[in-house]
Amino acid sequence: MTLSAHEKAAGAAPIAFDNSYARLPAHFHAAANPTPVSEPWLIKFNRPLALELGLDAEALERDGAAIFSGNTIPEGAEPLGMAYAGHQFGQFVPLLGDGRAILLGEVIDTHGRRSDIQLKGAGKTPYSRRGDGRAALGPVLREYIVSEAMFALGIPATRALAAVVTGEPVYRDRVLPGGVITRVAASHIRVGTFQFLAARGDTEGLKVLADYVIDRHYPEIKGHERPYPALLEAVIERQASLIARWLSVGFIHGVMNTDNCAISGETIDFGPCAFLDAYDPAKVFSSIDRGGRYAYASQPAIGQWNMARFAETLLPLLDPEPSEAVNLANDAIAGYGPRFQNHWLTGMKAKIGLHTEEDGDLDLVQGLLSAMHRNEADFTLTFRRLCDAAESSAHDGPLRDLFANPADIDAWLFAWRERTGREPLSDAQTAAAMRAVNPAFIPRNHRIEQAIRAAEDDGDFSLFEALNDVLANPYADQPQFASYTAPPAPSEEVLKTFCGT
Ligand code: AMP
Ligand code: MG
């Protein structure tokens with residue numbers, strides 16, 4: 001018998017949980033129910049994502065304040081915190097775990113993919129240590145905006161399903177309104193999850209986790225003759241690709257600790273993250289990154305460092321012979337550099353309209369970046385206006401305006417036109433291809449800041465809403481939103497970003 005849509009809506013649970021992480025060994029996680037809040041209010045519900053996940057969007061919208069605050073635990077959820085360790089700014093901490101995040105469970109989406117549904121900011125867990133298990137509204141809004149913007153840009157990232165205000169204050173350096181974000185991820189397994197088991201000398205647990213990860217994220221490896229070396233290679237490949245994508249849009253993660261590095265290859269934990277305005281490879285926004293460890297151009301090398309930490313955890317699985325295990329790990333880690341370079345160069349070449357290969361291509365890309373750096377040209381605008389220049393040199397003016405010394409870009413444009421002249425596409429085709437990889441809209445820091453200020457100070461979510469709307473179509477011109485393409489005025493510039501924890 002099949003149920004009609006109405007009966008289904010009335011009778012079935014709004015989220016058809018299918019939990020697997022809760023079935024893993026007991027020390028991988030700890031049960032943790034959300035702590036109810038006084039006056040939850042649903043400020044944002046991501047209906048298209050809910051539908052893609054196969055959830056009952058009507059029921060969730062109706063009961064969203066209760067469900068997405070953690071006040072009501074939906075049927076089938078098995079709330080838990082995940083255990084993990086991590087290197088934080090290079091220092092190893094053997095037990096971190098979800099201190100303010102609670103995994104409700106997993107669903108199989110309409111494409112057959114398994115996703116985690118997690119509440120962040122819903123109260124203490126056994127891993128909270130001295131933390132309050134809460135999140136301030138500001139960081140919730142930041143994560144909502146940036147994670148959805150990353151998705152729209154086509155970059156692997158966790159998603160945002162809902163945001164609520166709790167009606168309760170959180171105490172940071174000042175009193176702030178509390179919020180909860182519902183995060184959707186391919187999974188929340190991190191390099192730090194493997195490190196947690198490795199630090200305990202739990203080889204059996206490592207094998208269970210590695211097999212689980214292969215099953216869930218790398219099914220193509222199943223049945224491989226040497227599955228664990230293959231897993232290491234596959235994770236390294238996705239990480240190299242991901243970080244190349246970050247660089248291609250000017251993204252700075254800000255806190256690339258190993259506990260914030262997802263094994264699935266998704267961008268995770270949008271704490272002090274920010275996008276470049278003017279191009280500066282040494283740029284750091286995060287208030288806690290005093291040494292510049294996670295600066296824009298340091299990210300590829302830090303990605304490799306994180307992968308080396310991952311490889312170390314796998315050593316007992318890579319080969320029964322320890323020296324051979326080390327050789328395999330070293331080879332895989334050495335492969336990160338060429339993999340990254342390949343993704344980065346392919347991506348940067350596409351940004352300047354090159355799809356064939358010639359010897360001088362790397363120099364051409366670097367020549368543009370150097371000119372941008374010398375002239376403090378805006379990263380996003382330079383590439384977007386270059387799309388217009390590709391169509392015709394009659395459109396060079398707005399691009400030249402971005403350079404303090406336009407002669408700098410003139411010289412580069414001359415060499416670039418000579419090179420693109422040998423590409424098979426027409427100028428119009430090249431421009432169209434470039435517009436598909438060079439966004440007009442990114443979540444600029446000052447816009448995020450303005451949206452957070454209006455929400456926190458005045459309870460006004462209209463800027464937050466507008467920003468989400470604009471960023472849903474980053475590669476379209478959307479002339480009605482032209483002001484969102486602009487870099488900050490000096491008075492609007494954001495100098496520092498904060499984790500908000
Ligand atoms: P993050 O900097 O957000 O990656 O968090 C690092 C670690 O601190 C993780 O174990 C978090 O769960 C924990 N943590 C961050 N903020 C809080 C909080 N407000 N309460 C409890 N734990 C927290
Ligand atoms: Mg984290």
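The values are calculated or read from the model by the stated rules, or taken from the named source; none is laboratory data. Remember, predicted model here, so these are calculated numbers, not experimental data. Cβ sites come from the backbone with ideal geometry, for glycine too, and all protein chains shown count toward neighbours.
Test residue 117 against the stated conditions and say whether it is of a type in the set (A, V, I, L, M, F, W, C) and either within 20 Å of residue 263 (Cβ to Cβ) or surrounded by fewer than 21 Cβ atoms within 10 Å (Cβ to Cβ) (or both). Considered against the rule, which asks whether it is of a type in the set (A, V, I, L, M, F, W, C) and either within 20 Å of residue 263 (Cβ to Cβ) or surrounded by fewer than 21 Cβ atoms within 10 Å (Cβ to Cβ) (or both), residue 117 comes out as yes. Suppose the filter is β-branched (Val, Ile, Thr), modelled with pLDDT of 95 or more and under 23 Å from the mean Cα position of the chain (by Cα); does residue 346 pass it? So residue 346 passes the test.
Mind listing whichever residues of the range 81-101 are in a strand (DSSP E or B) and either among the acidic types (Asp, Glu) or more than 14 Å from ligand 2 (Cβ to nearest atom) (or both)? Selection gives 91, 92. Candidates are the residues of the range 115-142 that are within 10 Å of ligand 1 (Cβ to nearest atom) and charged (D, E, K, R); the one that is nearest to residue 271 (Cα to Cα) is 120. Residue 77 fulfils the conditions (1) in contact with a Phe, Trp or Tyr (Cβ under 7 Å, 6 or more places away or on another chain); (2) within 13 Å of ligand 2 (Cβ to nearest atom) except for a single criterion, (2). Of the set (1) more than 20 Å from residue 338 (Cβ to Cβ); (2) small (Gly, Ala, Ser); (3) in contact (Cβ under 8 Å) with a residue 24 or more places away in the chain; (4) away from ligand 2 (no atom under 16 Å from the Cβ), all apply to residue 244 but (1). Does residue 206 meet the test of being closer than 22 Å to residue 88 by Cα, more than 16 Å from ligand 1 (Cβ to nearest atom) and surrounded by 18 or more Cβ atoms within 10 Å (Cβ to Cβ)? So residue 206 passes the test. Does the range 158-171 contain at least one residue that is under 26 Å from residue 21 (Cα atoms), basic (Lys, Arg), not assigned by TED's automatic domain parsing to the domain that holds residue 498 and not in a strand (DSSP E or B)? No.
Results for (1) at pLDDT 95 or above; (2) crowded, with 22+ Cβ neighbours inside 10 Å, shown as yes or no for each residue.
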position: 87; (1), (2): yes, no
position: 107; (1), (2): yes, no
position: 110; (1), (2): yes, no
position: 162; (1), (2): yes, yes
position: 165; (1), (2): yes, yes
position: 173; (1), (2): no, no
position: 182; (1), (2): yes, yes
position: 194; (1), (2): yes, yes
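Of all residues in the range 384-401, none satisfies being surrounded by 21 or more Cβ atoms within 10 Å (Cβ to Cβ), in the same structural domain as residue 471 (by TED's automatic domain parsing) and of a type in the set (Ser, Thr, Tyr). For the range 30-80, residues that are under 29 Å from residue 152 (Cα atoms), of a type in the set (Gly, Ala, Ser) and not in a helix (DSSP H, G or I) total 3. Taken over the range 48-81, the residue count meeting the criterion of being of a type outside the set (A, V, I, L, M), under 14 Å from residue 166 (Cα atoms) and under 25 Å from the mean Cα position of the chain (by Cα) is 4. Pairing each residue of the range 256-283 that is under 30 Å from residue 98 (Cβ atoms) with any residue that is assigned to a loop (DSSP other than H, G, I, E, B) and of a type in the set (D, E, K, R), provided the two are 6+ apart or on different chains, yields C-beta distances under 6 Å for 260/269.
Residue check: residue 310 meets all listed conditions (1) within 16 Å of ligand 1 (Cβ to nearest atom); (2) under 28 Å from residue 117 (Cβ atoms); (3) aromatic (Phe, Trp, Tyr) but one, namely (1). The residue that is farthest from residue 285 (Cα to Cα), among those in the range 225-259 that are within 16 Å of ligand 1 (Cβ to nearest atom) and assigned to a loop (DSSP other than H, G, I, E, B), is 257. Screening residue 452 on (1) under 28 Å from residue 244 (Cα atoms); (2) modelled with pLDDT of 95 or more; (3) aliphatic (A, V, I, L, M) shows it passes everything except condition (1). Only one entry in 451, 433, 489, 455 is more than 25 Å from the chain's Cα centre (by Cα) and of a type in the set (Gly, Ala, Ser), namely 489. Taking the criterion of being within 16 Å of ligand 2 (Cβ to nearest atom), farther than 28 Å from residue 458 by Cα and under 11 Å from the mean Cα position of the chain (by Cα), the residues of the range 111-159 that qualify are 157, 158. Taken as a whole, the condition of being away from ligand 2 (no atom under 16 Å from the Cβ), of a type in the set (D, E, K, R) and closer than 19 Å to residue 116 by Cβ applies to residue 211.
Within the range 366-401, the set of residues being touching an Asp or Glu at 6+ places or on another chain (Cβ under 8 Å), more than 21 Å from residue 476 (Cα to Cα) and free of Cβ contacts under 8 Å to residues at least 60 places away in the same chain comprises 371, 374, 375, 400.
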